[in-house]
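Input: a single structure, listed below in structure tokens.
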Amino acid sequence: MFHDKLHIAHAITLLLDHVDDPLPVVDLSKLLQDDPQENLSIETVTISVDVLSIIANSAHPVSRSHHIFYDTEILAIVHRSKSKESGLVSTTVWCWLGKQCQFKDREDKKLRELATRYGTSPIMVHQLAEPIELVRVLGGQLVIRQVRHRNYIPTIRLTLKINSQGTRSHWTAENTTMHLVRSQSGVIFIDEHDLNIKNLCSAFSYCFTILGTVYVWHGLGSVHSEREAALAYACTLDEHMTPIEMTEGTNDQDEIFWMMLGDDAFAHADYWRWRKMAVAYDPRIWRVDGSNSNPVIPVPHISLEQDIPRSVYIIDCVWELFVVVGKDARGNRLSIRLALNVAIEMSKRAALQCPFPPTVHALVLPSKLPLDLQLNVRDLDEAWLNNGDIPDHMNVLPCKEALEHVSVRFIIPDFTKAS
């Protein structure tokens, strides 16, 4: 017992005597100006865009609705363009993989054969991590629909029948559907979600088909381009029906609508009312590594990150900021301190343009995610972030408390393990 007390006392002494290393220098102005999604080539003119559905060892042209993808599909998007400056023609081949697709050797071989035919290599694109350039090539709008949960099981007997359309022939708006309409970097994403109130957010516009009725619901923060796109898309879901258009808090008291969604809480943070008046409202993410020569690096898509558990991130949601600490990164004091301090400085700068200084939080994994954060970042998935094991609690700390813990709680276990 005396031995244990000795180690604890020793740990406290070391903590009191500990002097943190100086934080790396970060050029915040450059960091906030850099947008990886905006560094796109616009000095080209489109010649043609072809979308092909890859099924086994076959490629079939998608004859219409090039901008509508399905989550079970493998699609090749072939873009031929000409440089305005040199006049040279080039071809880009993207391969889009839906979350529920089956991408195996035959599909991979067919895709590479296709790219080789155009003298290039395929650029792999995963659902929810689509580059803005690809969406612009498709006309500035991308719709992604779900095919799962629709009782469709392809069989060998049906293969010849579905080869020309793939899973497209099995999606129908007669099913109950929910689509989130989001403006980001000047393009529109329309993503189908499961019909659940926890997928509702005041920031955006939505389209629903419920019991034969088409609804359009505008969150109080939705911008004009989202409202316009939502209404236009809703009209395509049933050409013979005029959508019922509702605005949050104004005329959205439809009982059937809310009964079908459920009566739980949804993402309706008060700050969303400022979104439609903001100059910039896209969330941004950086990975922070205090030991790196470039300690703060932009992350275009967090779903493509390879080592979430051992990493530290800053997520700028404009009206609040989160420092996300991976479950195995809690001992990385330098990176956590740096992330918290950079986030604090970001908040101070944002306060010059925002109606209030954005609050800084530390989100320590494993943890449930705040709904507003989860829906604001398009490819942020709670289950994936927690490695498939979502806890029943939310581990979120205020910035001040996180700064205190980073010099105590995250280091004490190293000492108490001593024997």
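The values are calculated or read from the model by the stated rules, or taken from the named source; none is laboratory data. This one's a predicted model, so the numbers in the text were calculated from it and none came from an experiment. Positions of Cβ are generated from backbone atoms using ideal geometry, with glycine treated the same way; all protein chains shown enter the neighbour counts. Keep in mind that these areas ignore ligands, DNA and RNA; they rest on the heavy atoms of the full protein, side chains included. Shrake-Rupley method; radii C 1.70, N 1.55, O 1.52, S 1.80 Å.
Things to note:
- Efficiency of FRET between GLN306 and GLU239 - r from beta-carbon atoms, R0 51 angstrom, step 0.05: 0.70
- When only alpha carbons are used to place a centre, the range 48-69 and the range 80-119 end up 11 Å from one another.
- Accessible carbon and sulfur surface of the range 283-407 relative to its total accessible area, %, 1.4 Å: 48
- Accessible area per residue for the chain, computed on protein heavy atoms with a 1.4 Å probe, is 52 Å².
- 3J(HN,Hα) along the range 376-381: 5, 8, 4, 10, 8, 10 Hz, from the Karplus curve 6.51 cos²θ - 1.76 cosθ + 1.60 with θ = phi - 60°, whole Hz, x for Gly and Pro.
- Summarising the label geometry, the points placed 7 Å from Cα in the beta-carbon direction at SER48 and ILE197 lie 5.2 nm from one another.
- Stretching TRP384 away from ARG117 to a fully extended chain increases their span by 92.5 nm, per 0.36 nm per residue minus the current alpha-carbon distance.
- The helix-based estimate of mean residue ellipticity at 222 nm for the chain, built from -39,500 (n - 2.57) per DSSP H run of four or more residues and divided by its residue count, is -7000 deg cm²/dmol to the nearest 500.
- Two-site FRET efficiency, ASP254 against TRP274, from Cβ-Cβ distance with R₀ of 41 Å, rounded to 0.05: 0.95
- Label-point separation, ARG64 to ALA129 (7 Å along Cα→Cβ), nm: 3.4
- Mean shadow area of the chain over all directions, Cα convex hull, nm²: 26.0
- Taking 0.36 nm per residue of sequence separation and removing the Cα-Cα distance, the SER83/ALA351 pair yields an extension gain of 92.3 nm.
- THR44 long-range amide H proximity, modeled H, under 5 Å: LYS84
- A simple rule links phi to the HN-Hα coupling: the Karplus curve 6.51 cos²θ - 1.76 cosθ + 1.60 with θ = phi - 60°, which for the range 115-131 gives 5, 4, 4, 9, x, 8, 10, x, 9, 7, 10, 9, 3, 6, 10, 6, x Hz, with x for Gly and Pro.
- Folded to 0 to 90 degrees: helix 2-17 orientation relative to the chain principal axis, Cα: 80
- A Förster radius of 22 Å combined with the Cβ-Cβ distance from MET394 to ASP264 puts the calculated FRET efficiency at roughly 0.90.
- For the range 44-139, carbon and sulfur atoms together expose 46% of the accessible surface, with a 1.4 angstrom probe and every protein chain in place.
- For the range 177-277, the relative contact order comes to 30 percent (Cα pairs under 8 Å, sequence separation of at least 6).
- With each label modelled as a point 7 angstrom along the Cα→C-beta vector, the VAL408-THR176 pair spans 4.9 nm.
- For the range 282-389: rounded, prolate or oblate by the Cα gyration tensor [a/c cutoff 1.5]: oblate
- Counting only trypsin sites (Lys or Arg not before Pro) that DSSP places in a loop and that have at most 14 other Cβ atoms within 10 Å, the longest clean stretch of the chain runs over 151-408.
- Stokes-Einstein, applied to the Kirkwood radius of the range 44-139 over Cα pairs at a viscosity of 1.306 mPa s and 10 °C, places its translational diffusion at 117 µm² s⁻¹.
- Summed residue charge, Cβ within 14 Å of ILE390's Cβ, Lys/Arg positive, Asp/Glu negative: -1
- Shape class of the range 177-277 from the Cα gyration tensor (axes a ≥ b ≥ c, square roots of the eigenvalues): oblate, since a/c reaches 1.5 or more and a/b does not exceed b/c.
- The residue among VAL324, SER335, SER90 whose Cα reaches farthest toward the positive pole of the charge dipole of the chain, with charges on the beta-carbon of Lys, Arg, Asp and Glu, is SER90.
- Cα centroid separation, the range 316-331 to the range 216-293 (Å): 24
- Contact order relative to length of the chain, as percent, for alpha carbon pairs under 8 angstrom and 6 or more apart: 12
- Gain in span if fully extended, VAL25 to THR359, counting 0.36 nm per residue against the direct Cα distance: 118.0 nm
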